[in-house]
Amino acid sequence: ISDVPIYEADLSVVKKKDISEHLSQFILHQSLDTVDELVWRSSHMYLKTIDSFNNYSVSAYCTPGHIKFLLLYKNKNYINDNLRSFFEIVHENYIRVLLNPLYEPNGIIISSLFDQNVHLAAKKFLHQ
Amino acid sequence: MPRLGGRNVLMKRGEREKEKVSRLELGSRGIKCVVLSDPLKDSSRTQESWNAFLTKLRTLLLMSFTKNLGKFEDDMRTLREKRTEPGWSFCEYFMVQEELAFVFEMLQQFEDALVQYDELDALFSQYVVNFGAGDGANWLTFFCQPVKSWNGLILRKPIDMEKRESIQRREATLLDLRSYLFSRQCTLLLFLQRPWEVAQRALELLHNCVQELKLLEVSVPPGALDCWVFLSCLEVLQRIEGCCDRTQIDSNIAHTVGLWSYATEKLKSLGYLCGLVSEKGPNSEDLNRTVDLLAGLGAERPETANTAQSPYKKLKEALSSVEAFEKHYLDLSHATIEMYTSIGRIRSAKFVGKDLAEFYMRKKAPQKAEIYLQGALKNYLAEGWALPITHTRKQLAECQKHLGQIENYLQTSSLLASDHHLTEEERKHFCQEILDFASQPSDSPGHKIVLPMQSFAQLRDLHFDPSNAVVHVGGVLCIEITMYSQMPVPVHVEQIVVNVHFSIEKNSYRKTAEWLTKHKMSNGIINFPPETAPFPVSQNSLPALELYEMFERSPSDNSLNTTGIICRNVHMLLRRQESSSSLEMPSGVALEEGAHVLRCSHVTLEPGANQITFRTQAKEPGTYTLRQLCASVGSVWFVLPHIYPIVQYDVYSQEPQLHVEPLADSLLAGIPQRVKFTVTTGHYTIKNGDSLQLSNAEAMLILCQAESRAMVYSNTREQSSDAALRIQSSDKVTSISLPVAPAYHVIEFELEVLSLPSAPALGGESDMLGMAEPHRKHKDKQKTGHCMVTTDHKVSIDCPWSIYSTVIALTFSVPFRTTHALLSSGTRKYVQVCVQNLSELDFQLSDSYLVDTSDSTDLQLVPLNTQSQQPIYSKQSVFFVWELKWTEEPPPSLHCRFSVGFSPASEEQLSISLKPYTYEFKVENFFTLYNVKAEIFPPSGMEYCRTGSLCSLEVSITRLSDLLEVDKDEALTESDEHFSTKLMYEVVDNSSNWAVCGKSCGVISMPVAARATHRVHMEVMPLFAGYLPLPDVRLFKYLPHHSAHSSQLDADSWIENDSLSVDKHGDDQPDSSSLKSRGSVHSACSSEHKGLPMPRLQALPAGQVFNSSSGTQVLVIPSQDDHVLEVSVT
């Protein structure tokens, strides 16, 4: 089963980045390999930090329906609990999207409410 | 528990400690610890004492260690608690805790030793993180000194004393500390036989260090970290290889591949940094940098100096020359890709491959780069990652350009030009690349580069005009398409061509002109689904998992053996995916060349939606299917190989036709009715002077109205014109000149027709209900009940387009039904005519006449109708009555004709005078011959009749006239100038009010002379009280058996009446009892019994007998002793 991106968001506060957008996608895409392996080894949905690239890290979360959430971040300071909480809120919001009868599963998420909530969660747990 | 053997070593070393332990033990208790016997004596006691000693020693030693280590740990913890105090030094604490680790290590407690290092690691990491958060400890600044040496991890020695000392001296850098810490962890992990954890931790460490240096803002010369990471990776890998065999390594690639990949990456960046990747080789600046980097490595360590493949030597060699770098980099890359591929980490393999491709491109080896780029692109396309697709495609475009793959390059360019993830400039650049190529004069004229249209422009919708996509031969069809140009700039397209496939479907009703014009009604807009490429829809098209629970129970005791989940559609889900879409394969597109094309030349496609209109004149009838859409820009052809959903248009040819149909549901006879003429011109063009020639039916008029107009419509029902209709009528022919109309049009006009009222109908016998029966040469349909009588008129029409006449049948319904009846009052006679309106219309009746057609002067018909105008509403009846009067002998029969004028009540004035409605009938034997009078008298001495008591019934039959013509039949007997006839009377009480006692019927001989009277007396008994109607007295003619009419009957009647005749044969003389029971049968059937050789009964015509007592009633009072009163409520 292919991993087609269904939602992307740039949650960074600073707009100036030392990494190009396509490179971040390359890193995330590559890290899916690790996620695919870890998913079967872990009994948790939150998979912690699964990959690093230079000074970037990738954390992952995999729902029981095998929808993967990947977060690429630079700041090492994140506490695992914060990341976990962030992912859990995203998961909760994703379930709300799924409940929408007009949303086709695996379809691209265009819900602005979802987007808004993801940004709010990022603000709460990631931008401290 | 620690083993004793391990501790012996320790005992020798730490003798002081042992003494201390013993002293403490002895001192506190002040008693002997052990009693030992002479070991040389071989007794059980000796052995026991030694055993006890050893056990005790062991226990005490353990206790001692536990106590001491516990104390040490307590001290250490106290030291750690002071870490917030100023002047606390991590290095100092490090040494303390490491001492504990050493103890554990010496005790072979590697796990415990490792825990000490992990704690130190965690503590340090926490400080670094806190430092990053602004909560810095001042001792940490010591680790922030610039990195000057980056010689990598050293894992071959159990303890790197050099580094340990530097930590002790508080001179270690962050890298030194980390390196030392890891080397210790590595050693312990290897003792613990966990080499894969080493690999895993190493990767974490390397990333961690890089991040920590960033966090602490340690100044690092460019490339230094790359060197350090590269060396460290290789060192870890070599260390692991050193303690594992090949098979172990091969089966644990998943753990080590990360290090390989990291090393590859770092070598790559070193290569780029030192100018080893450029075509020209390193410049002086690059060389300086290389020298600096190599200087930072220091001298090779003695322990690896003799190893040929040491990380140090590798790095030094790789940085030494372009060729060496290439060799090392390719080795590493290929190894990494191979490893990733072997463990199924395809994405990672592709990512490394992409880097490799970049390297090849730098090295001007595009042919080698292509395969990696294609592989990566395929992967990204399959998973729909837009930005990697764009980036890879951009590299691929460059590669293809270098390779001279013109078609591929143009295709990739078109994809990139339509890619919204690129900047406007980049898109324009790629678009220009295509246009530049297209404008180049081609070497071989006619050579086409065929590219898929998808990326160039998309077909959004298609619109037909006429909207039903049906057009007649010679008609013009417009097809308007919306093309959404994906290009960033306007593109001039020489021509846009639609290839059309032509097919003829003969003998198919669905393709007839009638069907097409009527049924194929759509809005004419076909929408094409927007292409989702490059995002594949494969995932969405996969069916959902069909999971079922599965329980397997043992057959003996029904206990659960196994359970599980079964996926029923595995075969669907695990099917091999189609290898990537043909998007990147231009060769798959074949250009179709057909005879039928729609063309549109010189179009400029603006970015976004463009309307393009194709115009075609339909030629051959058939079905045309749009197959391919091509747009040509110079020698570049963009082709949409299949237009889907299927788009078709139909061309038909049609024969001219004439339809005539009534406007209303049915046409009514006698009044003007509108009929619609529809001329479908088909392929025939109506010229000036063309006319329809209607041969007049004799009883149907075509009413010419001056103002009638004809409408001309196109075949799609759009009105095009209207014209006055000229109608010329002669005796035989009505000519309607048609307005001029082009082919494939419809002319519609209405005419009024009038079916003349039906010819006079002959009524039946006077005692039957007469029914108007128009006798026509046409077939008449007469239905029972309230259906109207219909008449068909056939009109033959000559049409200008055909030598044959068209025959059209119109059916008219007669709106009225007429019945007549003869009414008597003694000898006075009345004729009643009932007109019933069966239609839905209301009519106005006027001028009713009844005339005697035989025209006897003697007879007079006096109308009793007062009003001359009479409305007759729908489904209602109107009655007319005339009295018959005569002076002399009445005629035996009367032929009458009833006529009444009628016109629709709603219409004010009709242009023509309508013919009256007529009805003819015949009344026979209407003159009253006999008067029958019945009376009932109460029993003598009684005032009223009583129930249950016999009353007398007096019937008197009186002849009212002398011998008449009608009397002359076989019943008439003549004797002495006196004539008499035989009659049979019958008293019947159908309502069972009376019981007739004795004979209820009898035959009498009636003299045929005026005022001759016959009286009959009989007894009847009333059965009920009240006013009872008198019983019926019926009179029949009693005919002797020698019948002259017997021959009139056919065989059927004989058989039919056989049983009855036999039955009757038994009693020749009809007696009362038998007749009473069959009275009704006789009366009904009597007229049919003529043919039998026996006396027969014939009912007298209704007009000949007048029952003067009909309707009279007799009062019957209940008998006194009858107390039962019957009340029936209905």
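The values are calculated or read from the model by the stated rules, or taken from the named source; none is laboratory data. These numbers were taken from a predicted model, which means no experiment stands behind them. Cβ placement follows ideal geometry from the backbone for every residue including glycine, while neighbour counts extend to all protein chains displayed. Calculation scope for accessible area: heavy atoms of the full protein, side chains included, ligands and nucleic acids excluded. Shrake-Rupley method; radii C 1.70, N 1.55, O 1.52, S 1.80 Å.
General remarks:
- Here the calculated FRET efficiency for A:S20 and B:K448, from their Cβ-Cβ distance with R0 = 45 Å, stands at 0.75, rounded to the nearest 0.05.
- Cleavage-rule hits (GluC sites (Glu not before Pro)) in segment B:931-998: DSSP loop, at most 11 neighbouring Cβ within 10 angstrom: B:E943, B:E977
- Spatial separation of Cα centroids for segment A:86-115 and segment B:693-741, in angstrom: 70
- Here r is the Cβ-Cβ distance between B:K687 and B:A664 and R0 is 45 Å; the resulting FRET efficiency, rounded to 0.05, is 0.85.
- Database remark: amide H of A:D51 closer than 5 angstrom to the amide H of A:V58 (H placed geometrically; neighbours at sequence offset of 5 or more, or on other chains; Pro and chain starts carry no H).
- Gain upon complete extension [B:Q47, B:Q617; 0.36 nm per residue less C-alpha separation]: 192.9 nm
- FRET efficiency, 1/(1 + (r/R0)^6) with R0 56 Å, evaluated for B:K368 and B:Q168 via beta carbons: 0.60
- Taking amide hydrogens as placed 1.01 Å from N in the peptide plane, the amide H of B:S839 sits under 5 Å from those of B:K875, each at least 5 positions away in sequence or on another chain.
- Between B:T59 and B:E888, the modelled labels are 17.1 nm apart [label points 7 Å from Cα along Cα→Cβ].
- Exposure rank, largest accessible area first [B:W994, B:W801; 1.4 Å]: B:W801, B:W994
- Taken residue by residue and averaged, Cβ atoms of other chains lying within 10 Å of the Cβ of A:29-40 number 5.
- Virtual spin-label span in nm between B:L859 and B:L69, 7 Å along Cα→Cβ: 14.9
- Close amide H contacts of B:I808 (hydrogens built in the peptide plane, cut-off under 5 Å, sequence separation of 5 or more or a different chain): B:V795, B:S796, B:I797.
- Look at the stretch B:214-221: the mean tally of other chain Cβ atoms within 10 Å of its residues' Cβ atoms is 1.
- Rounded accessible area of A:Y94 (nearest 10 Å², 1.4 Å probe): 10
- The accessible-area ordering, largest first, of the residues A:K17, B:K354 stands as A:K17, B:K354, per a 1.4 angstrom probe.
- Our note on the geometry: Cα centres of segment B:242-295 and segment B:116-181, 24 Å apart.
- Loop-located GluC sites (Glu not before Pro) in segment B:184-220 (DSSP state other than H, G, I, E, B) with a sparse environment of at most 15 neighbouring Cβ atoms within 10 Å: B:E217.
- To the nearest 10, the accessible area of B:R460 is 80 Å² with a 1.4 Å probe.
- Among B:R345, B:R709, B:R817, the sequence by solvent-accessible area, most first, with a 1.4 Å probe is B:R709, B:R817, B:R345.
- Across segment A:99-105, rounded Karplus estimates of 3J(HN,Hα) from the backbone phi angles (6.51 cos²θ - 1.76 cosθ + 1.60, θ = phi - 60°) give 5, 5, x, 8, 8, 8, x Hz, Gly and Pro being marked x.
- Annotation: B:S418 carries an accessible surface of approximately 20 Å², with a 1.4 Å probe and no ligand, DNA or RNA atoms counted.
- Mean-position separation - Cα centroids, segment B:998-1021 and segment B:326-361, in angstrom: 136
- Once the Cα-Cα distance is subtracted from the 0.36 nm per residue extended length, the B:E935 to B:S278 segment shows a gain of 221.9 nm.
- Stretchable slack from B:H429 to B:V733, in nm (0.36 nm times residue separation minus alpha-carbon distance): 101.4 nm
- Inter-chain Cβ neighbour average for residues B:123-135, partner chain, 10 Å: 1
- Taken about its Cα centre, segment A:21-125 carries a charge dipole of roughly 340 debye when the Cβ of each Lys and Arg holds +1 and the Cβ of each Asp and Glu holds -1.
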